[in-house]
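Visitor: The structure that follows is given in the form of structure tokens.
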Amino acid sequence: MKKAVWLGLSILLAGQCFAAPVLSTVIPSDTLAGNKDLSIGYQPEAVKPALSYPVTGYTLFGAIYVLAAVAKMNEKANTLQKQYDALLAAHPEIPSLRDTFVQELELDLRADGLKLNPIHTLNRQGDGDDLHYVLSANEISSKKVLIFDHIATGYFAAGSTDPYHADAAVLVSVLDQADLSAKPQRYAPSISCQQDKLDAAHIYPGFDEISKDPQGAYGGLQQCLRRLAAQIADRFASDSNGSASLSPAQPAISSAAPTPAAAN
């Protein structure tokens, strides 16, 4: 029997070496319990772009084919990484993908009146459902602690004839200062950047088109990460301000962070 294997947005966290249990993509409206003073930390590793499309396999030979297809995806993703490394080396004013997310998130949170206290040492231990963080109590000065880990983004095609669009996801862990050793609340918010009119410039018919436009494609990943960060910031801002729900409208995206310069 033919078995379809979808390797889309759901592999983003897996692509960051995280054996993800089933997590809610929605951060509850009372997560911060009204606190406006937060300790905040991020993964130290760089964010690497992913590439994915659906694969169909048949029995044993199908399984072998799927493994080969995944290897091919990884090879293409590595090609993009090399292109983006060269782009950043030539344009040091452009932030990395990790810094793009961090800058937008912190800019939006501060604009909404939240005070952010950085966690400089993030000691990650375990994986999957056993993932936890060993934090120094001396660094935690807030009742609520937020950790953003396994930040991920990449280009995905929903079907073999569908175009590629950018997606982004992140693992959010929430802890209380009173018990830093407790298992954190965890959520996996994500966004698919293919519906807003701003996304049109970053939708590609195939991998070759992505590879031929490294500046534009990198800008598409940045834009998607910024939208995810803005969406999360809106959720936490509405929580700290006592609002019970998040507006369904798309959050505003800051233009403060630099984007790729036009090609010479």
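Visitor: Would you be able to say whether some residue in the range 17-35 is at pLDDT below 50 and either buried (at least 20 other Cβ atoms within 10 Å of the Cβ) or not aliphatic (A, V, I, L, M) (or both)? Break it down into steps so the answer makes sense when it comes.
Guide: Filtering the range 17-35 down to residues at pLDDT below 50 leaves 17-19.
So of that shortlist, the ones also either buried (at least 20 other Cβ atoms within 10 Å of the Cβ) or not aliphatic (A, V, I, L, M) (or both) come out as 17-18.
Within the range 17-35, one or more residues are at pLDDT below 50 and either buried (at least 20 other Cβ atoms within 10 Å of the Cβ) or not aliphatic (A, V, I, L, M) (or both).
So that you can scan it fast, the table gives a plain yes or no per residue for (1) among the β-branched types (Val, Ile, Thr); (2) in contact with an Asp or Glu (Cβ under 8 Å, 6 or more places away or on another chain); (3) over 18 Å from LEU221 (Cβ atoms):
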site: HIS91; (1), (2), (3): no, no, no
site: VAL102; (1), (2), (3): yes, no, no
site: ILE119; (1), (2), (3): yes, yes, yes
site: ASP129; (1), (2), (3): no, no, yes
site: GLU139; (1), (2), (3): no, no, yes
site: SER142; (1), (2), (3): no, yes, yes
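Visitor: Does LYS48 qualify as being of a type in the set (D, E, K, R), closer than 22 Å to ILE210 by Cβ and more than 19 Å from the chain's Cα centre (by Cα)?
Guide: The answer is no for LYS48.
Visitor: Starting from the range 209-228, keep only residues that are without any contact (Cβ under 8 Å) to a residue 60 or more places away in the chain and crowded, with 18+ Cβ neighbours inside 10 Å, then list their pairs with residues that are hydrophobic (A, V, I, L, M, F, W, C) and not in a helix (DSSP H, G or I) whose Cβ atoms are within a distance under 8 Å, requiring at least 6 positions of separation or different chains.
Guide: Listed pairs, sorted by first residue: GLN223/ALA166; GLN223/CYS193; GLN223/ILE253; ARG227/ALA168; ARG227/ILE191; ARG227/CYS193; ARG227/ILE253.
Visitor: Show the residue pairs meeting these rules: Cβ distance below 6 Å; 6+ apart or different chains; first residue within the range 119-147 and more than 14 Å from GLN43 (Cβ to Cβ); second residue among the charged types (D, E, K, R).
Guide: SER142/ASP37
Visitor: On the given criteria, is HIS150 in a strand (DSSP E or B), touching a strand residue (DSSP E or B) at 6+ places or on another chain (Cβ under 7 Å) and touching a residue at least 60 places away in the same chain (Cβ under 8 Å)? Quick ask: steps written out before the conclusion?
Guide: Details: in a strand (DSSP E or B): yes; touching a strand residue (DSSP E or B) at 6+ places or on another chain (Cβ under 7 Å): yes; touching a residue at least 60 places away in the same chain (Cβ under 8 Å): yes.
Yes: the conditions hold for HIS150.
The values are calculated or read from the model by the stated rules, or taken from the named source; none is laboratory data. As the structure is a computational prediction, the values presented were derived from the model and not from experiment. So basically every Cβ, Gly included, is an ideal-geometry build from the backbone, and we count neighbours across all protein chains shown.
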